[in-house]
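Report on the structure given below.
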Amino acid sequence: MTSATATELRARQDKGRKTAQNREKWAQGRTYISAAVILIWCLAPAYWMVVTAFREVGFTYDTSILPTHVTMDNFATAFDTSFGNRFGQALLNSVIIGTVVTVISLVIGVFAAYALARLNFRFKFLVLGFILGASMFPGVALITPLFQLFTNIGWMGTYQALIIPNISFVLPLTVYTLTSFFREMPWELEESARVDGCTQGQAFRKVIMPLAAPAIFTTAILAFISSWNEFLIASQLSNEATQPVTVAIASFAGAQPNQIPYTAIMAAGTIVTIPLVILVLVLQRKIIAGLTAGAVK
Amino acid sequence: MATELGPTSVKPPASGGTPIHHGPKGVGEDNKILSQGKWASWLLAPTIIALGIVIVYPIISAIVMSLQKDAGLDPATGLFTAGGPAGIQNYVNWIGQQCAAPGGGTVACPPGTLGGQFWSATATTFFFTIVTVTFETVLGFWMAMIMARTFKGRSMVRAAVLVPWAIPTAVTAQLWLFIFAFEGIANKLFNASILWTGSEWPAKWAVIIADTWKTTPFMALLILAGLQMIPADVYEAAKVDGATAWQRFRMITLPLVKPALMVAILFRTLDALRMFDLPYILTQGANNTTTLSILVINQIRQGFNSAAALSTITFIIIFLVAFIFVRFLGANVVEQSGATGKGKK
């Protein structure tokens, strides 16, 4: 009698434990299914770009999921200048514009970020608000006066005409991201340096700058990406010699005027994207921290 | 019960926005703040000056331009007319969709002209904004909830969401143009034969889908940063009290993540209101996908001053939306972005 109840009880407990375990397993399973859905949603279109980039032109619309009719020709076509495309030049232009914009923004922005993160002064929130507002500023509101100004002074299609407007959104992003990185740094070290006799300027250069290097590097990448991705301003103020990759890809021409050369465009897109994607994936943690801290695209 | 776990009882870790006092307090504290103020103004000056040149100057310049008439040929006489002050005529023309009539005065713009597209472009811009931001918020929230869980391969998912974000919008547009091509993979997958960029609704949906794909990751990461600031013991306490999953979501997650969520929605909304690249490349603004930004760009070569008026209107619309968000919906941008930076690890 007693032993029977004991077994029954144990059986019931086992059953209870099993349902709990099952529920746990089921929850885990659902998480994995959801994660798979996110992975497919985010990666499938990008995968399609790469697969198409490696597909022969004649099979542009092949819809088999795995790579078929693999070729490297499209990459050669992307750099081919015989249809009026200047993709190679455009790549160089984007690198020049992105680098100059990033360097200027960092050199100017690092001081502002230091002040905003470290110093006490009146109107701090006003300045922060102004800089944040600047980063949300619509590009179209700049384009008209700049278009007229640059036409008048003969700057249309020059590099400076493409660099200056980009600073309007890259600089606020830089200041904002750096400010939030700087707030998290071990500033006690600065105090110690000052106790040891450094001036505030020396403490900044000799102690803080080396510590801040990773933050600055991440910010530089975010700044470079946002300049690299710019299209609106460049589409209006550049010419064939100075156009960046975004403009070149948007207006990519093929052999037949009424046929879009998709495989070559996807090859060009792959070239433009892959280095950035690799960089972003390697620095994933830092990039996410910078992205959400600065909270600007 | 769960209701006691209101937003006031739990405070996220002290925000980074609070001023940091350092050094001994007391004697000389006032002097210190004064000297810091001086330091700060020197350090901030280059940024403020640079932004003054690249932003404030163009805004003022655009406003001045928008109050001028466009020089051009008078359609009636065929003679060149100089510009000259126009008052608010350019604005009146856009809002009333009036075009210059031959021999002076204005008439309703004939269909097909840029002047007659103001309200349709405004409607399209707001339609895109509301639909994409809604999709991105819901999807982004869901993605953030998944990414906040602990499971093997979580960092892979977090890396994957960065891929759409890292691809330039111009490339994204060409990629989706190819996906939505008549013989493309989208029609094949859904066994459909839709001319995606050929008529109004498919074209609009193509833009919406491409935009949602491109920008949901950003939304998800911002919400995830907010979710990670909620201390785990709050959930434990609620569980002990017997709150269901739905109750925990509604009573804890939502109110605590709200500040971060509002900022994310604000950023995306302002970004969507200036949408340009995607519809410009995907549909060239055809089939009623012309946004205000596209209209400004199309107008530039037909008259600077009129374009300046339209860009100023666009700017005012975006400014008003931002103001409403900050003032009435409690999106505290300045403080929140300080706090997100702090909580994110």
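The values are calculated or read from the model by the stated rules, or taken from the named source; none is laboratory data. Note that the structure is predicted; figures quoted are calculated from it, not measured. Backbone-built Cβ (ideal geometry, glycine too); neighbour counts: all protein chains shown. Areas reflect the complete protein model, heavy atoms only, side chains present, ligands, DNA and RNA absent. Shrake-Rupley method; radii C 1.70, N 1.55, O 1.52, S 1.80 Å.
Tabulated values for the structure
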| item | result |
| --- | --- |
| Check on A:Ile108, under 20 Å from the mean Cα position of the chain (by Cα), of a type in the set (A, V, I, L, M) and surrounded by fewer than 24 Cβ atoms within 10 Å (Cβ to Cβ) | no |
| Some residue of region B:242-258 being assigned by TED's automatic domain parsing to the domain that holds B:Gln174, crowded, with 24+ Cβ neighbours inside 10 Å and touching a residue at least 60 places away in the same chain (Cβ under 8 Å) | no |
| Filter result (in a helix (DSSP H, G or I), open to solvent by 50 Å² or more (accessible area, probe 1.4 Å) and touching a residue at least 12 places away in the same chain (Cβ under 8 Å)) within region A:148-163 | A:Tyr159 |
| Selected residue (criterion: nearest to the other protein chains (Cβ to nearest Cβ)) from residues of region B:145-157 that are open to solvent by 30 Å² or more (accessible area, probe 1.4 Å) and either among the β-branched types (Val, Ile, Thr) or within 26 Å of B:Leu256 (Cα to Cα) (or both) | B:Arg149 |
| Odd one out for B:Phe218 among (1) within 28 Å of A:Gly58 (Cβ to Cβ); (2) within 14 Å of another protein chain (Cβ to nearest Cβ) | (1) |
| Unique match (being exposed (fewer than 10 other Cβ atoms within 10 Å of the Cβ) and not assigned by TED's automatic domain parsing to the domain that holds A:Asn239) among A:Leu9, A:Leu43, A:Leu66 | A:Leu66 |
| So A:Val70, is it over 21 Å from B:Leu177 (Cβ atoms), more than 27 Å from the chain's Cα centre (by Cα) and not polar (S, T, N, Q) | yes |
| Top-ranked residue of region A:23-53 - restricted to ones that are without any contact (Cβ under 8 Å) to a residue 60 or more places away in the chain and of a type in the set (Val, Ile, Thr), ranked as farthest from B:Ala186 (Cα to Cα) | A:Thr31 |
| Helices (runs of 4 or more DSSP H) (entirely within region B:95-175) containing at least 1 residues that are of a type in the set (S, T, N, Q) and more than 30 Å from A:Ser226 (Cβ to Cβ) | B:118-148 |
| Qualifying residue in region A:268-278 (condition: closer than 24 Å to A:Val110 by Cβ and either touching a helix residue (DSSP H, G or I) at 6+ places or on another chain (Cβ under 6 Å) or more than 7 Å from chain B (Cβ to nearest Cβ) (or both)) | yes |
| Qualifying position, being more than 8 Å from chain A (Cβ to nearest Cβ), without any contact (Cβ under 8 Å) to a residue 40 or more places away in the chain, part of a loop (DSSP other than H, G, I, E, B) and of a type in the set (Gly, Ala, Ser), among B:Ala186, B:Ala192 | B:Ala192 |
| Any hit, region B:159-178, residues being among the hydroxyl-bearing types (Ser, Thr, Tyr), closer than 21 Å to B:Ile130 by Cα and open to solvent by 10 Å² or more (accessible area, probe 1.4 Å) | yes |
| The one condition in (1) more than 9 Å from every other protein chain (Cβ to nearest Cβ); (2) among the β-branched types (Val, Ile, Thr); (3) open to solvent by 10 Å² or more (accessible area, probe 1.4 Å) that B:Thr289 fails to fulfil | (3) |
| Residue list for region A:111-138, filter: open to solvent by 20 Å² or more (accessible area, probe 1.4 Å) and either small (Gly, Ala, Ser) or not assigned by TED's automatic domain parsing to the domain that holds A:Gly201 (or both) | A:Gly129, A:Gly133 |
| Test for A:Asn85: is it in a loop (DSSP other than H, G, I, E, B), touching a residue at least 60 places away in the same chain (Cβ under 8 Å) and within 14 Å of chain B (Cβ to nearest Cβ) | yes |
| The one condition in (1) within 30 Å of B:Lys38 (Cβ to Cβ); (2) open to solvent by less than 30 Å² (accessible area, probe 1.4 Å) that A:Glu191 fails to fulfil | (2) |
| Any chance A:Pro186 is away from every other protein chain (no Cβ under 11 Å) and outside any helix (DSSP H, G or I) | yes |
| Criterion (in the same structural domain as A:Gly139 (by TED's automatic domain parsing), free of Cβ contacts under 8 Å to residues at least 60 places away in the same chain, part of a helix (DSSP H, G or I) and not charged (D, E, K, R)) met by exactly one of A:Ser226, A:Ser192 | A:Ser192 |
| A:Ala248 vs. criteria touching a Lys or Arg at 6+ places or on another chain (Cβ under 8 Å), closer than 16 Å to A:Ser94 by Cβ and crowded, with 23+ Cβ neighbours inside 10 Å | yes |
| Whichever residue in region B:109-122 is open to solvent by 60 Å² or more (accessible area, probe 1.4 Å) and farther than 17 Å from B:Gln284 by Cα and, among such residues, is nearest to the chain's Cα centre (by Cα) | B:Trp119 |
